[in-house]
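Following: one structure in structure tokens, then a few remarks.
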Amino acid sequence: MKKVFFTFSLLLVTFCAMAQSEISQQIKAFESYAAQGQMKQSVESGAKVASLYAASSLYKEAFDFLRRVDATIDSHVKSPSERASLHYWVTKERYNMYVKFHKADRTKEQFAILETLANQGSDETVKNDMLYTKTLYYYSTGQGDKGNATFKEMAARLTAQKEYGKVDEVYKKLIANGQRSGSASLVAQSYKSYLAWKDSTTALQYADQINALKKEIADGKATIDDQASSLTARWVTIVALGILAIALAAALVIGALVLMRFILLTRKQKGIIKLESDNNALKAKFISNISAQLDPSLAKLDSRIPEVKALQNFSQHIQQLSVLECSKDEAVETEDVNVASFCEDILSKVRGTEQAGVSLTANAPKMSVPLNSEYVSHILLHLLRNAVLHTPEGGRITLDYKKRGAHTHQFVVTDTGSGISEEPREEVFKAFRQIRDLTTGDGLGLPICKQMALKMHGDLTIDPAYTKGTRFILELHG
């Protein structure tokens, strides 16, 4: 006897421990779903907690937890209809416990609340469940006529939704409830209604099956028609592709003839370009030789005389320009240069030569850039000296460095001087464009700078959008 009692006690303790574990899991699920805003799942878990408490005869804990679920709904849900639908399931759990206690007054009170919440909500599942609950309530309280009417409404509703399985399930539950409660009249009435509904829906189910078969046949016919159309379209496509292939073959023949003509013309143009390039190189070499031959004679003259000095400079510039033109295809060497220090150093070479009140500013980051410092220094120094000459008192001269891409960067020299009119902007980079007094300049400074920029795979241009003076842009790629 003691062994049986001990075994029973052990089983009871084990059952209670398992129930408590499941309750803890459901409480965690309730809290987690609520934190994520999934209130329907949260309420389902909360109702399950109350049901487990009730199954363990912990009714106070069950009612307390249901109040907690109600409070969570009110704090998380704003929509009145959604809030009513969720409160319905909490109230349904209370209703079930009062039914179990056989407390008629409290059961009636909760039933009235359920009806109100179902009417306020818009959830079809809630409305269907309310019809089922009303049916059981009316039958269990001896209100058979109301029970029959409500059940008829519920069966019609679910049948209209073609939820035949659900209706069948509800009938079976109703019969089972009547058997458990010992109500022979409820069992008889439910079974009678069930048979009548079964007969009426059999024809509907057969009609649904026939309609489904008709749809399958129609879909099959449509598929066959589509395949036939597709087959016809394929034949049309094959014929069209054949015609297109013939057209392409003819186009290829014509294209080959055009390509041959283009190749011949290209070869001829390349020959002309090479001839012109060779002629230009010869001209540059010839001019350079003449200048070199004049140098010894010019060196014997007094360089203090302005005209002599101008001739000497002119001769040097001609030789420098000729060397650049003849070696434009040769690569230039580069080295990493700190552009901030580089710009400041160049600016310092013209500082002090500007007119009163002219500001000279360099804007460059402290970063290393690969440059040919000889050519870049020559170009920037020439541009800055020109800017100093043409910028009046109170003006501004700036030297900026700008990174334009992974392999593109610019040096920009800007002044607020008299500027260059639109017509001669392109002419300033061309050598020997006009006859001039060499004592006022030979005009080769910018052409030499342009050739240096091109030799570095870059370019030197004037910004046409800048109208408050002159802005030169030296763009380099590397």
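Filter the range 167-211 down to residues that are modelled with pLDDT under 70, open to solvent by 80 Å² or more (accessible area, probe 1.4 Å) and under 18 Å from ALA149 (Cα atoms), then give me how many there are.
Going through the range 167-211 one residue at a time, the tally reaches 1.
Pick from the range 424-440 the residues that are in a loop (DSSP other than H, G, I, E, B) and at pLDDT 70 or above: which of them is surrounded by the most Cβ atoms within 10 Å (Cβ to Cβ)?
Only one residue tops the list, namely ALA431.
Go through the range 364-411 and give me each residue that's farther than 21 Å from ALA453 by Cα, open to solvent by 20 Å² or more (accessible area, probe 1.4 Å) and assigned to a strand (DSSP E or B).
Matches in the range 364-411: ARG396 only.
Return yes when ARG83 is among the basic types (Lys, Arg), open to solvent by 60 Å² or more (accessible area, probe 1.4 Å) and modelled with pLDDT of 90 or more and no when it is not. Show your work before the answer.
Details: among the basic types (Lys, Arg): yes; open to solvent by 60 Å² or more (accessible area, probe 1.4 Å): yes; modelled with pLDDT of 90 or more: yes.
Criteria met by ARG83.
Sort through LYS134, LYS78, LYS92 and tell me the only one that's open to solvent by 60 Å² or more (accessible area, probe 1.4 Å) and at negative phi.
LYS78
Mind listing whichever residues of the range 329-340 are surrounded by 12 or more Cβ atoms within 10 Å (Cβ to Cβ) and either outside any strand (DSSP E or B) or hydrophobic (A, V, I, L, M, F, W, C) (or both)?
Correct list: VAL332, THR334, VAL337, VAL339, ALA340.
Starting from the range 96-108, keep only residues that are over 15 Å from TYR138 (Cα atoms), then list their pairs with residues that are at pLDDT 85 or above and open to solvent by 60 Å² or more (accessible area, probe 1.4 Å) whose Cβ atoms are within a distance under 6 Å, requiring at least 6 positions of separation or different chains.
That search, which allows pairs on different chains as well, returns TYR98/ARG106.
Give all pairs with beta carbons closer than 7 Å in which a residue from the range 400-427 that is within 16 Å of LEU446 (Cβ to Cβ) meets a residue that is modelled with pLDDT under 85 and surrounded by 11 or more Cβ atoms within 10 Å (Cβ to Cβ); count only pairs at least 6 apart in sequence or on separate chains.
That search, which allows pairs on different chains as well, returns ILE420/VAL428; GLU427/ARG433.
Identify, by number, the condition in (1) open to solvent by less than 30 Å² (accessible area, probe 1.4 Å); (2) modelled with pLDDT of 90 or more that ALA284 doesn't meet.
Status for ALA284: all satisfied but (2).
Please work out if LEU10 is modelled with pLDDT under 90 and in a helix (DSSP H, G or I).
Numbers: modelled with pLDDT under 90: yes; in a helix (DSSP H, G or I): yes.
It is true that LEU10 is modelled with pLDDT under 90 and in a helix (DSSP H, G or I).
Could you check, for the range 341-356, whether at least one of its residues is under 16 Å from ASN386 (Cα atoms), open to solvent by less than 60 Å² (accessible area, probe 1.4 Å) and not in a helix (DSSP H, G or I)?
Looking through the range 341-356, at least one residue is under 16 Å from ASN386 (Cα atoms), open to solvent by less than 60 Å² (accessible area, probe 1.4 Å) and not in a helix (DSSP H, G or I).
Can you name the condition, by its number, that LYS300 falls short on among (1) of a type in the set (D, E, K, R); (2) at pLDDT below 70; (3) farther than 30 Å from GLY445 by Cα?
Checking LYS300 against (1) of a type in the set (D, E, K, R); (2) at pLDDT below 70; (3) farther than 30 Å from GLY445 by Cα, the one that fails is (3).
The values are calculated or read from the model by the stated rules, or taken from the named source; none is laboratory data. A quick note: this is a predicted structure, and the numbers were derived from the prediction, not measured. Cβ coordinates were reconstructed from backbone atoms using ideal geometry, including for glycine residues, and neighbour counts include every protein chain displayed. The accessibility values were calculated without ligands, DNA or RNA, using every heavy atom of the protein model including side chains. Shrake-Rupley method; radii C 1.70, N 1.55, O 1.52, S 1.80 Å.
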